[in-house]
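What follows is one structure encoded as C-alpha coordinates, with my remarks underneath.
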Amino acid sequence: MVATDVRPDGVGDCRKLDVSNEADWAALAAELRETYGHIHGLVNNAGVIQRDRLGDVRPDDFAYVQSVKTTGPLLGIQHLTPLMPPGSSIVNVGSSAALTAYYPVAYTASKWALRGVSKIAATELGPRGIRVNTVHPGYIETEMTAAATPAFREAMFRETPLGRSGTVDDIAPLVVFLLSDASSFITGVEIPVDGGLTAHGGVKSVSDAMRPQASAAPEVPTVG
(Lines give C-alpha, C1' and ligand atoms only; values in the text may rest on other atoms or scores of the structure.)
Protein backbone atom coordinates (compact mmCIF):
# COMPACT_ATOMS: atom_id res chain seq x y z
CA MET A 1 0.00 0.00 0.00
CA VAL A 2 1.23 3.48 -0.88
CA ALA A 3 -0.04 6.47 1.10
CA THR A 4 0.22 10.11 0.06
CA ASP A 5 0.01 13.43 1.85
CA VAL A 6 0.84 17.03 1.12
CA ARG A 7 3.11 16.81 4.18
CA PRO A 8 4.30 13.19 4.43
CA ASP A 9 5.25 12.24 7.98
CA GLY A 10 7.72 9.52 7.07
CA VAL A 11 5.58 6.75 8.53
CA GLY A 12 5.35 3.75 6.20
CA ASP A 13 5.44 4.14 2.44
CA CYS A 14 4.15 7.70 2.23
CA ARG A 15 4.80 9.97 -0.78
CA LYS A 16 4.35 13.70 -1.11
CA LEU A 17 1.29 14.62 -3.17
CA ASP A 18 -0.71 17.79 -3.56
CA VAL A 19 -3.92 16.34 -4.95
CA SER A 20 -4.86 19.63 -6.61
CA ASN A 21 -1.64 19.60 -8.65
CA GLU A 22 -1.81 17.65 -11.91
CA ALA A 23 1.99 17.45 -12.20
CA ASP A 24 2.13 15.70 -8.81
CA TRP A 25 -0.40 13.11 -9.98
CA ALA A 26 1.51 12.56 -13.21
CA ALA A 27 4.75 12.05 -11.30
CA LEU A 28 3.09 9.63 -8.89
CA ALA A 29 1.58 7.63 -11.76
CA ALA A 30 4.97 7.39 -13.47
CA GLU A 31 6.62 6.23 -10.26
CA LEU A 32 3.94 3.63 -9.56
CA ARG A 33 4.13 2.34 -13.13
CA GLU A 34 7.90 1.95 -12.88
CA THR A 35 7.82 0.37 -9.40
CA TYR A 36 4.72 -1.83 -9.54
CA GLY A 37 3.57 -1.91 -13.16
CA HIS A 38 -0.08 -1.65 -12.14
CA ILE A 39 -2.30 -0.87 -9.16
CA HIS A 40 -5.58 -2.38 -8.03
CA GLY A 41 -7.12 0.32 -5.85
CA LEU A 42 -7.40 4.04 -5.27
CA VAL A 43 -8.90 5.79 -2.23
CA ASN A 44 -9.52 9.52 -2.66
CA ASN A 45 -9.58 10.90 0.87
CA ALA A 46 -7.76 14.25 0.88
CA GLY A 47 -9.46 16.78 3.11
CA VAL A 48 -9.61 20.46 3.97
CA ILE A 49 -12.31 22.39 5.76
CA GLN A 50 -13.62 25.89 5.09
CA ARG A 51 -16.50 26.87 7.34
CA ASP A 52 -17.68 30.18 5.83
CA ARG A 53 -21.39 30.53 5.18
CA LEU A 54 -23.06 31.49 1.92
CA GLY A 55 -22.77 35.25 2.32
CA ASP A 56 -19.19 35.25 3.58
CA VAL A 57 -17.21 32.75 1.50
CA ARG A 58 -14.61 34.28 -0.81
CA PRO A 59 -14.33 32.99 -4.39
CA ASP A 60 -10.68 32.01 -3.95
CA ASP A 61 -11.46 30.00 -0.81
CA PHE A 62 -14.40 28.37 -2.58
CA ALA A 63 -12.17 27.45 -5.52
CA TYR A 64 -9.42 26.07 -3.27
CA VAL A 65 -11.81 23.66 -1.55
CA GLN A 66 -13.08 22.47 -4.93
CA SER A 67 -9.50 21.95 -6.14
CA VAL A 68 -8.78 19.58 -3.27
CA LYS A 69 -12.08 17.78 -2.82
CA THR A 70 -13.41 17.59 -6.38
CA THR A 71 -10.59 18.25 -8.84
CA GLY A 72 -8.17 16.15 -6.77
CA PRO A 73 -10.20 12.93 -7.07
CA LEU A 74 -10.82 13.66 -10.75
CA LEU A 75 -7.09 13.98 -11.41
CA GLY A 76 -6.39 10.83 -9.43
CA ILE A 77 -8.87 8.88 -11.51
CA GLN A 78 -7.52 10.30 -14.77
CA HIS A 79 -3.89 9.53 -14.01
CA LEU A 80 -4.15 6.22 -12.16
CA THR A 81 -6.88 4.30 -13.99
CA PRO A 82 -4.50 3.62 -16.92
CA LEU A 83 -2.57 1.47 -14.42
CA MET A 84 -5.66 -0.44 -13.28
CA PRO A 85 -6.53 -3.88 -14.66
CA PRO A 86 -10.09 -5.28 -14.65
CA GLY A 87 -11.27 -5.98 -11.12
CA SER A 88 -9.73 -2.81 -9.71
CA SER A 89 -11.67 -0.50 -7.42
CA ILE A 90 -11.87 3.21 -6.61
CA VAL A 91 -13.36 4.50 -3.35
CA ASN A 92 -14.16 8.19 -3.10
CA VAL A 93 -14.68 9.54 0.41
CA GLY A 94 -17.58 11.97 0.43
CA SER A 95 -19.41 13.24 3.49
CA SER A 96 -22.84 13.44 5.05
CA ALA A 97 -22.60 17.03 3.79
CA ALA A 98 -23.01 15.61 0.28
CA LEU A 99 -26.49 14.40 1.25
CA THR A 100 -27.66 17.49 3.11
CA ALA A 101 -27.65 21.29 3.11
CA TYR A 102 -24.76 21.44 5.58
CA TYR A 103 -23.96 25.14 6.12
CA PRO A 104 -20.23 25.49 5.05
CA VAL A 105 -21.02 26.19 1.41
CA ALA A 106 -17.60 25.49 -0.17
CA TYR A 107 -17.21 22.16 1.63
CA THR A 108 -20.75 21.03 0.93
CA ALA A 109 -20.67 22.05 -2.73
CA SER A 110 -17.42 20.16 -3.26
CA LYS A 111 -18.87 16.97 -1.80
CA TRP A 112 -22.04 17.23 -3.90
CA ALA A 113 -19.81 17.66 -6.96
CA LEU A 114 -17.78 14.60 -5.99
CA ARG A 115 -20.98 12.55 -6.10
CA GLY A 116 -21.34 13.49 -9.76
CA VAL A 117 -17.72 12.64 -10.56
CA SER A 118 -18.18 9.27 -8.86
CA LYS A 119 -21.37 8.41 -10.76
CA ILE A 120 -19.83 9.32 -14.11
CA ALA A 121 -16.65 7.41 -13.32
CA ALA A 122 -18.64 4.31 -12.35
CA THR A 123 -20.50 4.48 -15.65
CA GLU A 124 -17.49 5.12 -17.87
CA LEU A 125 -15.07 2.74 -16.15
CA GLY A 126 -17.53 -0.11 -15.67
CA PRO A 127 -16.89 -1.59 -19.13
CA ARG A 128 -13.21 -1.81 -18.20
CA GLY A 129 -14.10 -3.78 -15.06
CA ILE A 130 -13.18 -0.92 -12.71
CA ARG A 131 -15.61 -0.23 -9.88
CA VAL A 132 -16.21 3.22 -8.34
CA ASN A 133 -18.10 3.69 -5.09
CA THR A 134 -18.53 6.50 -2.57
CA VAL A 135 -18.53 6.38 1.22
CA HIS A 136 -20.18 9.24 3.11
CA PRO A 137 -18.88 9.54 6.70
CA GLY A 138 -20.81 11.49 9.28
CA TYR A 139 -19.20 13.14 12.28
CA ILE A 140 -15.95 11.19 12.69
CA GLU A 141 -13.29 11.82 15.35
CA THR A 142 -10.30 13.04 13.33
CA GLU A 143 -7.76 15.85 13.48
CA MET A 144 -10.04 17.88 11.22
CA THR A 145 -13.01 17.64 13.60
CA ALA A 146 -10.94 18.10 16.76
CA ALA A 147 -11.41 21.87 16.54
CA ALA A 148 -15.19 21.62 16.64
CA THR A 149 -16.87 23.62 19.40
CA PRO A 150 -18.80 21.85 22.18
CA ALA A 151 -22.01 23.38 20.84
CA PHE A 152 -21.37 21.91 17.38
CA ARG A 153 -20.58 18.48 18.80
CA GLU A 154 -23.71 18.46 20.93
CA ALA A 155 -25.85 19.52 17.98
CA MET A 156 -24.39 16.75 15.81
CA PHE A 157 -25.01 14.15 18.51
CA ARG A 158 -28.62 15.30 18.87
CA GLU A 159 -29.16 14.80 15.13
CA THR A 160 -27.41 11.41 15.05
CA PRO A 161 -29.75 8.56 16.06
CA LEU A 162 -26.88 6.50 17.49
CA GLY A 163 -26.02 9.51 19.63
CA ARG A 164 -22.26 9.50 19.23
CA SER A 165 -19.43 10.34 16.90
CA GLY A 166 -17.81 7.74 14.70
CA THR A 167 -14.19 6.67 14.50
CA VAL A 168 -11.87 5.75 11.66
CA ASP A 169 -12.46 2.13 12.67
CA ASP A 170 -16.11 2.58 11.68
CA ILE A 171 -15.05 3.64 8.18
CA ALA A 172 -11.97 1.58 7.33
CA PRO A 173 -13.61 -1.89 7.16
CA LEU A 174 -16.14 -0.65 4.61
CA VAL A 175 -13.40 0.89 2.46
CA VAL A 176 -11.44 -2.36 2.60
CA PHE A 177 -14.57 -4.28 1.57
CA LEU A 178 -15.21 -1.98 -1.38
CA LEU A 179 -11.60 -2.36 -2.51
CA SER A 180 -11.74 -6.14 -2.25
CA ASP A 181 -13.06 -8.82 -4.60
CA ALA A 182 -15.87 -9.43 -2.10
CA SER A 183 -17.62 -6.38 -3.62
CA SER A 184 -16.96 -7.39 -7.23
CA PHE A 185 -20.56 -6.67 -8.35
CA ILE A 186 -20.97 -3.37 -6.50
CA THR A 187 -20.34 -0.11 -8.32
CA GLY A 188 -21.87 3.35 -8.45
CA VAL A 189 -23.26 3.13 -4.92
CA GLU A 190 -23.17 5.69 -2.13
CA ILE A 191 -23.00 4.40 1.43
CA PRO A 192 -23.50 6.70 4.44
CA VAL A 193 -21.54 5.73 7.56
CA ASP A 194 -23.02 8.36 9.83
CA GLY A 195 -24.88 6.78 12.73
CA GLY A 196 -28.18 7.51 10.99
CA LEU A 197 -27.53 11.26 10.61
CA THR A 198 -28.82 11.49 7.04
CA ALA A 199 -31.46 8.75 7.32
CA HIS A 200 -34.15 10.85 8.98
CA GLY A 201 -34.09 13.69 6.47
CA GLY A 202 -33.73 16.37 9.12
CA VAL A 203 -36.80 15.46 11.14
CA LYS A 204 -35.14 13.85 14.15
CA SER A 205 -35.43 17.11 16.09
CA VAL A 206 -39.16 17.10 15.34
CA SER A 207 -39.44 13.52 16.54
CA ASP A 208 -37.48 14.33 19.69
CA ALA A 209 -39.66 17.36 20.39
CA MET A 210 -42.80 15.21 20.23
CA ARG A 211 -41.43 12.33 22.31
CA PRO A 212 -42.46 13.75 25.74
CA GLN A 213 -46.07 13.77 24.51
CA ALA A 214 -46.00 10.11 23.59
CA SER A 215 -47.66 9.00 26.83
CA ALA A 216 -50.44 11.59 26.57
CA ALA A 217 -53.67 11.01 24.74
CA PRO A 218 -53.29 11.70 21.04
CA GLU A 219 -54.58 15.03 19.85
CA VAL A 220 -57.57 15.02 17.55
CA PRO A 221 -56.90 17.29 14.57
CA THR A 222 -59.30 20.16 14.06
CA VAL A 223 -61.08 20.14 10.74
CA GLY A 224 -62.05 23.40 9.09
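The values are calculated or read from the model by the stated rules, or taken from the named source; none is laboratory data. Since we're looking at a predicted model, the values are computed, not measured. Backbone-built Cβ (ideal geometry, glycine too); neighbour counts: all protein chains shown. For the accessible areas, the whole protein counts, side chains as well, though only heavy atoms, and no ligand, DNA or RNA atoms are used. Shrake-Rupley method; radii C 1.70, N 1.55, O 1.52, S 1.80 Å.
Scanning the range 36-48 for residues that are under 17 Å from V65 (Cβ atoms) and not in a strand (DSSP E or B) returns N45, A46, G47, V48. The single residue among R51, R33 that is open to solvent by 40 Å² or more (accessible area, probe 1.4 Å) and either among the hydrophobic types (A, V, I, L, M, F, W, C) or part of a loop (DSSP other than H, G, I, E, B) (or both) turns out to be R51.
The one condition from (1) open to solvent by less than 60 Å² (accessible area, probe 1.4 Å); (2) without any contact (Cβ under 8 Å) to a residue 24 or more places away in the chain; (3) within 19 Å of R158 (Cβ to Cβ); (4) not aromatic (F, W, Y) that V206 does not meet is (1). Return the residues of the range 112-128 that are under 29 Å from M156 (Cα atoms) and either open to solvent by 10 Å² or more (accessible area, probe 1.4 Å) or not in a helix (DSSP H, G or I) (or both); say none if nothing qualifies. Selection gives W112, A113, R115, G116, V117, K119.
Among the residues in the range 54-77, are any over 25 Å from T142 (Cα atoms), charged (D, E, K, R) and part of a loop (DSSP other than H, G, I, E, B)? Scanning the range 54-77 turns up at least one residue that is over 25 Å from T142 (Cα atoms), charged (D, E, K, R) and part of a loop (DSSP other than H, G, I, E, B). Of all residues in the range 75-94, those satisfying the criterion of being open to solvent by less than 10 Å² (accessible area, probe 1.4 Å) and either without any contact (Cβ under 8 Å) to a residue 12 or more places away in the chain or under 18 Å from R115 (Cβ atoms) (or both) are G76, S89, I90, V91, N92, G94. Any residue that is under 18 Å from L179 (Cα atoms), touching a helix residue (DSSP H, G or I) at 6+ places or on another chain (Cβ under 7 Å), assigned to a helix (DSSP H, G or I) and at pLDDT 95 or above - is there at least one of those in the range 82-104? Checking the range 82-104: at least one residue is under 18 Å from L179 (Cα atoms), touching a helix residue (DSSP H, G or I) at 6+ places or on another chain (Cβ under 7 Å), assigned to a helix (DSSP H, G or I) and at pLDDT 95 or above. For the range 129-185, residues that are open to solvent by less than 20 Å² (accessible area, probe 1.4 Å), part of a helix (DSSP H, G or I) and not aliphatic (A, V, I, L, M) total 1. Among the residues making up the range 38-66, those that are more than 26 Å from V176 (Cα to Cα) and small (G, A, S) are G55, A63. Considering only residues in the range 14-30 that are of a type in the set (A, V, I, L, M, F, W, C) and part of a loop (DSSP other than H, G, I, E, B), the one that is farthest from N133 (Cα to Cα) turns out to be L17.
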